[in-house]
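Scroll down for the structure; my scribbles are underneath it.
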Amino acid sequence: NKKIIIAIDGYSSTGKSTVARQLAKKLGYIYVDTGAMYRAVTLYAMKQGYIGSDHFYKEALENSLPLIHIKFEVNPKTGLAEVVLNDKNVEKEIRTLGVSRLVSPVAAVSKVRKKLVEQQQLMGKDKGIVMDGRDIGTVVFPDAELKLFMTATAKDRAERRYKELVERGDKVTYEDVLKNVVNRDHIDSTRKDSPLRKAEGAIQIDNSNLTLDEQFQQILDLAQNTI
Ligand code: C5P
């Protein structure tokens, strides 16, 4: 069996990471959540005071990029990969609405993207990888054997993300989550560097009306037909 690269892109909260994780597990592939890497850089910038709701010292962040080290470690309890920023596990911290609000401006910075894309390309050099994000099929692995582009209505996506946040105990309103989803999509698809769009050859999957199982089966079939 040949090993392939599976690139999954799409709007925020389309369930990319859920299906990517399931797929990697089933195929025995590595799973990489690139959004987590942009979130980790954002958390670093917040902690240093480089970015907040009313300011963004972009150059300060650019200059400190060599000090930012991101890796993944598997949590032995869950078997899931978690993000480590400068030797500290930040998996929980990067998922807050506070980080979600500031991540898109950080991800629009070319020097940030260059650093993370290089690291992502290294992680996939031996193939056998499922990677999800916004620019995987267009920029990180334009030659990926299988490319997917996931969409769903903003309402469906916000509902999903709202439930997730509430289950974790975050005090958020549905309106705030919806606003964030729409705002991030706007910034992500209109930025100059690597805007979110469907890659050439990508298969579009609208999962508004699919159950998780149906969606997984559909994507697993595509993967197995490609391998
Ligand atoms: O996937 P997730 O929603 O966690 O991604 C958070 C943000 O990181 C996105 O809204 C986008 O701004 C940025 N991102 C990106 N390129 C990727 C993955 C994520 O710009 N490959």
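The values are calculated or read from the model by the stated rules, or taken from the named source; none is laboratory data. Since the structure is predicted, the reported quantities are computational estimates derived from the model, not experimental observations. With ideal geometry, Cβ positions are generated from the backbone for all residues, glycine too; neighbour counts draw on all protein chains shown. Calculation scope for accessible area: heavy atoms of the full protein, side chains included, ligands and nucleic acids excluded. Shrake-Rupley method; radii C 1.70, N 1.55, O 1.52, S 1.80 Å.
Across the range 143-189, the number of residues qualifying as more than 20 Å from Gln215 (Cβ to Cβ), within 13 Å of the ligand (Cβ to nearest atom) and either more than 17 Å from the chain's Cα centre (by Cα) or hydrophobic (A, V, I, L, M, F, W, C) (or both) comes to 4. Across the range 1-15, which residue is farthest from the ligand (Cβ to nearest atom) among those that are surrounded by fewer than 24 Cβ atoms within 10 Å (Cβ to Cβ) and not polar (S, T, N, Q)? Filtering first and then ranking leaves Lys2. Consider the range 16-66 and keep the residues that are closer than 30 Å to Gln218 by Cβ and not in a helix (DSSP H, G or I). The one that is nearest to the ligand (Cβ to nearest atom) is Asp33. Would you check which residues across the range 154-212 are modelled with pLDDT of 95 or more, surrounded by 14 or more Cβ atoms within 10 Å (Cβ to Cβ) and polar (S, T, N, Q) and list them? Once the filter is applied, which keeps residues that are modelled with pLDDT of 95 or more, surrounded by 14 or more Cβ atoms within 10 Å (Cβ to Cβ) and polar (S, T, N, Q), the range 154-212 yields Asn180, Asn183, Ser194. Number of residues in the range 85-105 that are out of contact with any Leu (no Cβ under 7 Å at 6 or more places or on another chain), within 12 Å of the ligand (Cβ to nearest atom), open to solvent by less than 50 Å² (accessible area, probe 1.4 Å) and in a helix (DSSP H, G or I) equals 5. Taking the range 48-79 as the range and being in contact with a strand residue (DSSP E or B) (Cβ under 9 Å, 6 or more places away or on another chain) and not aliphatic (A, V, I, L, M) as the test, the residues that pass are Gly49, Tyr50, Tyr57, Lys58, His69, Lys71, Phe72, Glu73, Asn75.
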